[in-house]
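Visitor: Below is the structure I would like to discuss, written out as structure tokens.
Please treat every number below as a calculation from the coordinates, not as lab data. Predicted, not measured: the structure shown is a model, and the values here were computed from it. In this analysis, Cβ positions are derived from the backbone assuming ideal geometry, glycine residues included, and neighbour counts consider all displayed protein chains.
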Amino acid sequence: MNLIAPSLLAADFAHLDREMEWFNRSEADWLHLDVMDGVFVPNISFGFPVLEHVARLTEKPLDVHLMIVQPEKFITQVRDLGAAIMNVHQEACVHLHRTIQQIHEAGMKAAVTLNPATPVSTLEDIICDVDVVMLMTVNPGFGAQKFIEHSLNKVRRLRQLITQSGSAALIEVDGGVNRTTAPRLAEAGVDVYVTGSAVFGKPDPIAEVKELKLLTS
């Protein structure tokens, strides 16, 4: 599987209508939405008023990535957006299993993200309960960072864990995904590719999405 999920964080916020127009016409599969609180990560992005506006502009699945403390407080609001996937950080959830259950009860797929320094082994006891595991391949909080090379081995370890456990979880990656890194990530076993500056801001973003599809197939 090779799903492309452009990240709104890299979009031109002065022209969101225009950005969503090309996104809807492209071969992109999900829209990735990074919500940052300035506490869990050292940056603030956007909140629910922006998310609600964007949700009205696209019919494609929304992948809402909460880089915030206590993400479980916002399950209802994320559901009300019509989000398909709610993505929380392992490091931010004291009771991760409970949060996963609550996301499922709200009718969404549950995704769990690991920061670069968090080992895959922390998910051994819940890997069969999640729908998506996302690995941060840069440090969360800012766009346009350099890809962390050891992420490739981490993807391979996660793929091994999924296979051995019989889990159906997809592997998603976020950070530094471009024409160079995407084929290498595909070879390691990635299913979903979050991409920001490699697509948004390009002269022909639709062609860039198409190229990433080809490179990861």
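Visitor: Express the relative contact order of the range 3-216 as a whole percentage, based on alpha carbon pairs under 8 Å and six or more residues apart in sequence. The partial results should precede the final answer.
Guide: Working: 415 pairs, mean separation 46.1, N = 214.
Answer for the range 3-216 is 22 percent.
Visitor: Looking at the range 50-88, which GluC sites (Glu not before Pro) are in a loop (DSSP not H, G, I, E or B) and have at most 11 other Cβ atoms within 10 Å?
Guide: Details: sites: Glu52, Glu59, Glu72; in loops: Glu59.
Those that pass, being in a loop and sparsely packed, are Glu59.
Visitor: Translational diffusion coefficient, Stokes-Einstein: compute it for the range 11-72 using the Kirkwood radius over C-alpha pairs as Rh, at 37 °C and 0.692 mPa s, and state it as an integer in µm² s⁻¹.
Guide: Working: Rh = 12.5 Å.
Once the numbers are plugged in, D ends up at 262 µm²/s.
Visitor: Kindly put Phe46, Phe200, Phe13 in sequence by how many other C-beta atoms sit within 10 Å of each C-beta, fewest to most. Before the final figure, lay out the partial values.
Guide: Details: Phe46 16, Phe200 20, Phe13 11.
If I rank by nearby Cβ atoms, fewest first, I get Phe13, Phe46, Phe200.
Visitor: So how far apart, in nm, are the two label points at Arg18 and Val50 if each is 7 Å from Cα heading toward Cβ?
Guide: 1.8
Visitor: Taking the Kirkwood radius as the inverse of the mean 1/r across Cα pairs, report the Rg/Rh of the chain.
Guide: On the way: Rg = 15.9 Å, Rh = 17.1 Å.
My calculation puts Rg/Rh at 0.93.
Visitor: Could you tell me which of the pairs Lys60/Lys213; Lys154/Lys202; Lys73/Lys154; Lys60/Lys109; Lys109/Lys146 are separated by over 22 angstrom between their Cα atoms in the structure shown?
Guide: Working: Lys60/Lys213 16 Å; Lys154/Lys202 29 Å; Lys73/Lys154 30 Å; Lys60/Lys109 15 Å; Lys109/Lys146 29 Å.
Among Lys60/Lys213; Lys154/Lys202; Lys73/Lys154; Lys60/Lys109; Lys109/Lys146, the Cα-Cα distance tops 22 Å for Lys154/Lys202; Lys73/Lys154; Lys109/Lys146.
Visitor: While we're looking at this one, here's another question. Which of the GluC sites (Glu not before Pro) found in the range 108-196 are in a DSSP loop and have at most 14 neighbouring Cβ atoms, other than their own, within 10 Å?
Guide: Details: sites: Glu124, Glu149, Glu172, Glu187; in loops: Glu124, Glu149.
Loop-located and lightly packed - Glu124, Glu149.
Visitor: Under 1.5 on a/c is rounded, so check that first for the range 109-200, then, if it is not, pick prolate when a/b is larger than b/c and oblate when it is not; a ≥ b ≥ c are the square roots of the alpha carbon gyration tensor eigenvalues.
Guide: Numbers: a/c = 1.81, a/b = 1.68, b/c = 1.08.
Prolate is the answer for the range 109-200, as a/c is 1.5 or above and a/b outweighs b/c.
Visitor: Only four residue types carry charge here, +1 at the Cβ of Lys and Arg and -1 at the Cβ of Asp and Glu. Report the dipole size of the range 3-216 about the Cα centre in Debye, rounded to the nearest 20. Could you put the intermediate results ahead of the total?
Guide: Numbers: 18 positive and 27 negative charges, 82 e Å.
The dipole of the range 3-216 has a size of about 400 debye.
Visitor: For the chain, what is the calculated [θ] at 222 nm in deg cm²/dmol (nearest 500), taking -39500 (n - 2.57) for each run of four or more DSSP H residues and dividing by its residue count? Write down the numbers at each step before the final one.
Guide: Working: 7 runs with 71 residues, N = 217.
Counting only the DSSP helices, I get -9500 deg cm²/dmol.
Visitor: Kindly write out, for the range 68-80 in residue order, the coupling ³J(HN,Hα) from the Karplus curve 6.51 cos²θ - 1.76 cosθ + 1.60 (θ = phi - 60°), rounded to whole Hz, with x marking Gly and Pro.
Guide: 9, 7, 6, x, 4, 5, 10, 4, 5, 5, 5, 4, 5
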